[in-house]
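So the structure is just underneath, and the comments pick up after that.
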Amino acid sequence: MKEKIVLIESDYHAAHLSGLTHPRYQIKEDDKHSYRRKFGEMQKVMFNWRKKELGKLGPVDVHIINGDVLEGAAELNKGIELITSDLNLQIDMACDIIPIAKLKKKGQRYMTFGTPYHGTRYDLERQVAKRLECDIDDTQELEINGLKINCRHKIGNTSLPHTRHTALLRENLWNMVKAEKGLSQDADVFIFSHRHFCSDCSGILPWQRAFVTPCLQGGTSFGSRQCSSAIDIGFLVLKIRSQHDWDFKQVLQPLEFLAPEVKVIKG
């Protein structure tokens, strides 16, 4: 079979100050607020890096967008980290970002719903999918060149770096139970997002593998003030020839542009 190239992205958080942002919406260098100007530089670096890496990859056969494409109303912090609180404009922002990833002539896009806080409760992601004419579902169950892939946005977390695989293997086991009951396909590959770090491991069976994808959002005040773990920015690529002949790459952005200022005290 002809090799199929699959691009998996997630967590753009369009309209957040640190989300993936098209140049037409980026904070300008002459913005009067220095706090916002630093996000403008972050937006530029992230957008340009993704555009460059997608250019290297070229058109893909399948583009999977695995949830949280926009930020939503941001009720918890009253929207203080939003570029705009206009949810219709947030949909526009997401729709401008996604097609930068080019499809082959017969290529297809698939979306999953993200978390309610970031738009699902308002069906905002359904509007993005409708605009881009792509399928959206709670879980995408796909078969590509014989490889069975299950994609869902959310997965549980851990506070320990060395136990990140526990949640992935738990989902693998539950899939085996669901498949036995006829509630899911018996998947070979499991893809999750949401956690803003990347991770992967072998599955329960020798040919299975499970992934958490990196995000496409920079630092947030929540992450800086309340979380210990480190984020990963980028996307996942699968190159599939058959069920048992495929490979993957987590394409990751260097994070030096997010390094905090070190304040040196002298004397």
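The values are calculated or read from the model by the stated rules, or taken from the named source; none is laboratory data. Just so you know, these numbers come straight off a predicted model, no measurement behind them. Every residue, glycine as well, gets a Cβ built from its backbone with ideal geometry; the counts of neighbours run over all protein chains shown.
Figures for the structure shown
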read-out	value
Condition check for PHE39: assigned to a helix (DSSP H, G or I) and within 30 Å of LYS4 (Cα to Cα)	no
Test: GLY79 is within 30 Å of LYS2 (Cα to Cα), touching a Ser or Thr at 6+ places or on another chain (Cβ under 8 Å) and either free of Cβ contacts under 8 Å to residues at least 40 places away in the same chain or surrounded by 13 or more Cβ atoms within 10 Å (Cβ to Cβ) (or both)	no
Cβ pairs under 8 Å, 6+ apart, first in the stretch 83-101 and assigned to a helix (DSSP H, G or I), second basic (Lys, Arg)	ILE91/ARG131; CYS95/ARG131; ASP96/ARG24; ILE98/ARG109; ILE100/ARG50; ILE100/LYS51
Residue, surrounded by the fewest Cβ atoms within 10 Å (Cβ to Cβ), within the stretch 122-141, restricted to residues that are touching a residue at least 24 places away in the same chain (Cβ under 8 Å) and within 20 Å of GLY79 (Cβ to Cβ)	TYR122
Residue in the stretch 232-261 that is nearest to the chain's Cα centre (by Cα), counting only those that are over 20 Å from GLU143 (Cα atoms) and free of Cβ contacts under 8 Å to residues at least 24 places away in the same chain	PRO254
Tally, over the stretch 1-40, of residues that are buried (at least 20 other Cβ atoms within 10 Å of the Cβ) and within 19 Å of LEU70 (Cα to Cα)	17
Residue list for the stretch 53-74, filter: out of contact with any helix residue (DSSP H, G or I) (no Cβ under 8 Å at 6 or more places or on another chain) and either β-branched (Val, Ile, Thr) or not in a strand (DSSP E or B) (or both)	GLU53, GLY55, LYS56, LEU57, GLY58, PRO59, VAL60, VAL62, ILE64, ASN66, ALA74
Top-ranked residue of the stretch 142-184 - restricted to ones that are within 17 Å of the chain's Cα centre (by Cα) and part of a strand (DSSP E or B), ranked as surrounded by the fewest Cβ atoms within 10 Å (Cβ to Cβ)	ARG152
Test result for GLU71, surrounded by fewer than 19 Cβ atoms within 10 Å (Cβ to Cβ) and either modelled with pLDDT under 95 or over 15 Å from the mean Cα position of the chain (by Cα) (or both)	no
Test: residue in the stretch 237-257 that is in a loop (DSSP other than H, G, I, E, B), modelled with pLDDT under 95 and farther than 12 Å from TRP49 by Cβ	no
Per-region count, the stretch 3-38, residues touching a residue at least 40 places away in the same chain (Cβ under 8 Å) and farther than 18 Å from ASP96 by Cβ	5
Within the stretch 1-36, considering residues that are in a helix (DSSP H, G or I) and of a type outside the set (S, T, N, Q), the one nearest to LEU236 (Cα to Cα)	PRO23
Exclusive hit being modelled with pLDDT of 95 or more, touching a strand residue (DSSP E or B) at 6+ places or on another chain (Cβ under 6 Å) and basic (Lys, Arg), set ARG164, ARG152, ARG195	ARG152
